[in-house]
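Report on the following structure.
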Amino acid sequence: MKSRDFFSQYMRKLFTLILFVSLSVAGIAQQYKLSGVVKDAGTGQTLPGASVYIDELQQGAATDVNGAYHLLVAAGTYHLRFTFLSYKDTVLVVKVKSDTKVNIGMYSTVINANTVNVVGEKANNNVISSQMGTITLQTKDIKTIPIFFGEQDILKVIQLLPGVQSAGDANTGFYVRGGGPDENLILIDGATVYNAGHLLGFFSIFNSDALDNVSLIKGNMPANYGGRISSVLDINTKEGDMTGYHASGGIGLIASHVTIQGPIKKDTSGFIFSVRRTYIDAFLRPPLIPTSSPFAGTSYYFYDLNGRVNYRFSAKNQLSITGYYGQDVFNFSDNSVQFSTKVPWGNAIASLNWNHIFSDKLLMTTTLNYTDYNFKFSGAESGFNFSLFSGIHDYHAKINFDWLPNKKHHVKFGVENTVHVFIPSAISAQEPSVNFSTSQVVHLYSDEAAVFATDEYDISERFKAEGGLRFSAFDQFGPFTRYVQGTNGVNADTINYKTLQSVAFYSGLEPRISLRYQLDINSSIKAGYSRNYQYIHLASISSISLPTDIWVPCTSLIPPAYGDQYAIGYYRNFRDNMFETSVETYYKHMTNLIEYKDGVTPEASASADPDENFTLGTGQAYGVEFFLKKRVGKLNGWIGYTLSWTTENFPDLNNGQTFYAKYDRRNDISVVVNYEMNKKWTFSGVFVYATGEALTVPDAWYIIEGSLVEEYGERNGYRLIPYDRLDLSATYTPDKQKRQENKAARRTAKMQKKGIDTPYIDHRPAWEKRMHTSWSFSAYNVYDRYNPYFIYFSISGNLYQNSVSIQAKQVSLFPVLPSISWNFDF
């Protein structure tokens, strides 16, 4: 009996001990959700990329695209630190006993407005992040970079970063790590942009007043991005102030712009609307060009409209609608030879985004987009009329989930689909007795789909990995007619595909991985590998990007291009993150690149299929990038240097021999310096140097049967002279507040002398009191460098007298160009 009581008591004590230990372990293991949204306290606009850090745990996170953050912590009291460049640091003491929400509004600071800062990140984010080659810029931090004709341009700033090479003067195209301009995925609020240039590339289509932030991913892009093999340029527009009305704008030498934003319903919905237009056409009218001039009727202008509306239905649902419409219109007339031409082209974009928070661990973003790009060229001369039209239309849908299962993992997964409608080229010609056309406008239909997943995993305090997998598929479908050519190049037969019938199908797996090993708090080593498929191509016959370039999809004759990139880098910060340094080296192999066959142009073989004009090849690019940046202080800026090689091999070109790509640049240097002298004056300078562009030129001429025949040398075997340029700017910001205070003091003193003891009252309207203005003075190409745009050959003399002279001549676009602009904000 005693033994039974003893056993019973023993079991009760053992059970109690087990229960106590279990509850203790459970209490230790119990974690609660700490979440919230970070906003601008003044405008109510969310702040994506802000840093949220817990001092006691030495861990944190960055807010997502909606300004939301999610952390898992045990019960306790913590110091929650919020940081964001250009905003005051905020520290809150938070007691966590259950799931807790902490929303915060951060206040903007008055700092050096000239600094082009990496924003939305911790000061040492370049060290601790697992991502390589990713840079985020906020548009308010580029205001004093030297500008061209008074227009600020985010793409010009992107071209100053290491690994990114400019396509030259009058060109917004850019090359990233040996890739062509079509290998860069450009997005605005999730919608694809196919031509980002105005005025034949002189300006980008992006009005900086309407933009919030811009992220460039040069390589090892996460799995939620795809469709291009070189880079992603992800541009987000401003949400619109939900608390008060504001306006900003500027007047330059050839263009002006204005932006208006404000609440529709305070703290619930807001709008922003921006418009920009050039007035070059105003200078091309009488009396500057009289009606008697043979060039009367010549004009050029561009305009663009940006708009966005945001509505917060609840704490868990937000809807935004973005629209963009831009158009270039160029008309040229020479009445002396009865010649005229019209060249309109432009983009139309619409985007709808719905953000839904299921819980503090799961967020869904749904995006629907429409993109329309078209180009048209028409000309007439002495009764002969000619026209060329091309374009592309996209219908895109994407669902993306952000899931935080625990504090070590951040998982993204989703699916997307794009229906492409291509019009490669439609040609028609007419004269009094003859009509010619491609009979009907050819449409090429295709569908591009992908499913993806990626996980950012904190393996340990030092070791972090981000692995992803993307599966993409592409289907060209009917209606489509394949022309089968005979041996003599004449169409011998046709194959007709019905509506939705598959013409060509491709698919592929795209693995992505990035690794980071943190050596100490100031330095780390990173490595990465990625494979990317690209199912659409840009066909160009020029060494520069022009609207005449046409987009074509994969077909039965054009397989998808794909690239494999390997990269490794060392990152180190100095003096409490005041200085950032990095060295990255990369190797990229590209397969199924396309080029026009020798002697073929878009109008050639008009009755054949467009894909008959191309040939396939491979390419490789490798190099090393050096980056030194001073982040803060009155004197700040960066130096970037890239040493690189890019080669291509096409069996049908250059006798099958490997040649340098036309965008191969051996050396590329960019220096950006900003200096804040005082609150009124700031100065900025940019210097760039790049190895000359590779191109193909004739190396011999022959007189055959009375005609001069040229023989071309090795493909891209000649280089233009190096490109270098210095730009300078100064910004003057009047201290309007101090001037008004002095004015009030003088008025008050004047009234007191008259025996009136009433202080001066400022009766100006509220908008005028908030008014801030500045003057920007800049000079482009300060030392008047004649940089080459292209070269041509001038032929003079008489063939029959054997006195022919052939001379290569260089065309340069811009001498030194001063400009001035006035900007306002209230």
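Using the average count of surrounding beta-carbon atoms within 10 Å as a protection proxy, the listed peptides 718-731, 454-467, 175-188 rank, highest first, as 175-188, 718-731, 454-467.
Between Ile399 and Leu92, the contour length at 0.36 nm per residue exceeds the Cα-Cα span by 107.1 nm. A simple count of charges around Tyr702, restricted to other residues whose Cβ falls under 13 Å of its Cβ and scoring Lys, Arg +1 and Asp, Glu -1, yields -4. Ranked by the mean number of other Cβ atoms within 10 Å per residue, highest first, peptides 88-101, 497-510, 662-675, 471-484 order as 662-675, 471-484, 497-510, 88-101. Take the Cβ atoms of Ile820 and Phe626, set R0 to 25 Å, and the FRET efficiency comes out at 0.10.
Just to be sure I understand the model, the point goes 7 Å from the Cα along the line to the Cβ. What's the resulting Thr585 to Ser507 distance in nm? Rounded to a tenth, the inter-label distance reads 3.9 nm.
When each of the peptides 638-648, 124-134, 407-417 is scored by the mean number of other C-beta atoms lying within 10 Å of its residues, the order from highest to lowest reads 124-134, 638-648, 407-417.
The local environment of Asn331, defined by Cβ-Cβ distances under 10 Å, has a net charge of 0 under the rule Lys, Arg +1 and Asp, Glu -1.
Just to verify a number: FRET efficiency for Glu612 and Ala74, C-beta to C-beta distance, R0 = 51 Å, to 0.05? Between Glu612 and Ala74 the formula returns 0.15. 3J(HN,Hα) along segment 704-709, derived from phi through the Karplus expression 6.51 cos²θ - 1.76 cosθ + 1.60 where θ = phi - 60°, amounts to 10, 6, x, 10, 8, 10 Hz, with x in place of Gly and Pro. Projecting each Cα onto the charge dipole of segment 638-729 (Lys/Arg +1, Asp/Glu -1 at the beta carbon, about the Cα centre), which of Trp638, Asn674, Gly713 comes out farthest on the positive side? My answer, from the dipole projection, is Asn674.
Positive contributions from Lys and Arg (+1) and negative ones from Asp and Glu (-1), summed over other residues with Cβ under 10 Å from the Cβ of Val686, come out at +1.
For segment 616-646, applying the loop criterion from DSSP together with a ceiling of 14 other beta carbons within 10 Å to the trypsin sites (Lys or Arg not before Pro) yields Lys634.
Read the figures in this text as sums done on the coordinates, not as results from a lab. Remember, predicted model here, so these are calculated numbers, not experimental data. Heads up, the Cβs are rebuilt from the backbone with ideal geometry, glycines too, and the neighbour counts pull from every protein chain shown.
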